1. Given the chain, what count of lysine pairs have C-alpha atoms under 20 Å apart, with each pair 8 or more places apart or on different chains?
2. Quote to one decimal, in nm, the extra length available between Leu166 and Trp18 on full extension: 0.36 nm per residue of separation minus the C-alpha distance between them.
3. Under the rule of at least 5 residues apart or a separate chain, name every residue whose amide H is placed under 5 Å from the amide H of Val43.
4. Relative to the Cα centre, what is the charge dipole magnitude of the chain, using +1 at the beta carbon of each Lys and Arg, -1 at the beta carbon of each Asp and Glu, and rounding to the nearest 20 debye?
5. Have a look at Ala122, Val43, Thr4 and report the one farthest towards the positive end of the charge dipole of the range 1-140, computed about the Cα centre with Cβ charges (Lys/Arg +1, Asp/Glu -1).
6. With each label point set 7 Å from Cα along the Cα-Cβ vector, what nm distance links Ala145 and Arg124?
7. I'd like the FRET efficiency for Trp26 and Thr4, computed as 1/(1 + (r/R0)^6) with the beta carbon distance as r and R0 of 35 Å, rounded to 0.05.
8. How many percent of DSSP beta bridges within the range 1-79 run antiparallel, rounded to 5?
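The values are calculated or read from the model by the stated rules, or taken from the named source; none is laboratory data. None of the values given here were measured: they were computed from a predicted structure. For neighbour counting, all protein chains shown are included, and Cβ atoms are generated from backbone atoms with ideal geometry for every residue, glycine included. Accessible surface areas use protein heavy atoms only, side chains included; no ligands, DNA or RNA. Shrake-Rupley method; radii C 1.70, N 1.55, O 1.52, S 1.80 Å.
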Amino acid sequence: MSNTLLRPDGWLVLGLPWPEKTQDGWGECALAIAPQMIPRHLVSKGAGIALDLATGLARDQNEGPGKAVFFSDVTLWLDKQGKDWADFGADYEAVIDELVKAPVPQLYMTLVQKAHAILCDASRDGVRLYYPGGQVEHVTPQVRADVHAAITTSLERDWPHYIQGLIDRGALQTQ
């Protein structure tokens, strides 16, 4: 069996809507996919671009965020290049919807609301979080990097067990 199934080069992490019901401030609000596991002929041009850029950002430790690439990281990278999704004829919401519905291994993730906000933030200057009592927190690049690291650690721990379970049940073919 290919080690890349159990330990891929990276993941694309998509933010989902924040759930109405949460457990102690935690909600199932993200999913991770391994771009290299998805045959490009099965997805649209826009989804293929997102997968390819996520793969590149995961590999480029100087330019990219590390192994867990948020969809918002791809959007920010495009912005740094003076481009946006429309330049590729893609609607980012449609791309996210397509990838969420794709018949590929997807690991759903539970996060706290702050991590979810950071995951979904594609603003150039970083999100500002407003708390009761008037407190405002400007999310710094270091805080964003910490969320990347925590999500990467979670995926490195949970992904192999998830994929092995799919293989053991015959839901994922290794050849």
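1. Value for the chain: 4.
2. Values: separation 148, 0.36 × 148 = 53.28 nm, distance 2.67 nm.
Residue separation times 0.36 nm, minus the Cα-Cα distance, leaves 50.6 nm.
3. Distant-sequence amide H within range of Val43: zero hits.
4. In total the dipole reaches around 280 debye.
5. Thr4
6. 2.2
7. Values: r = 30 Å, r/R0 = 0.86.
E between Trp26 and Thr4, to the nearest 0.05, is 0.70.
8. 60
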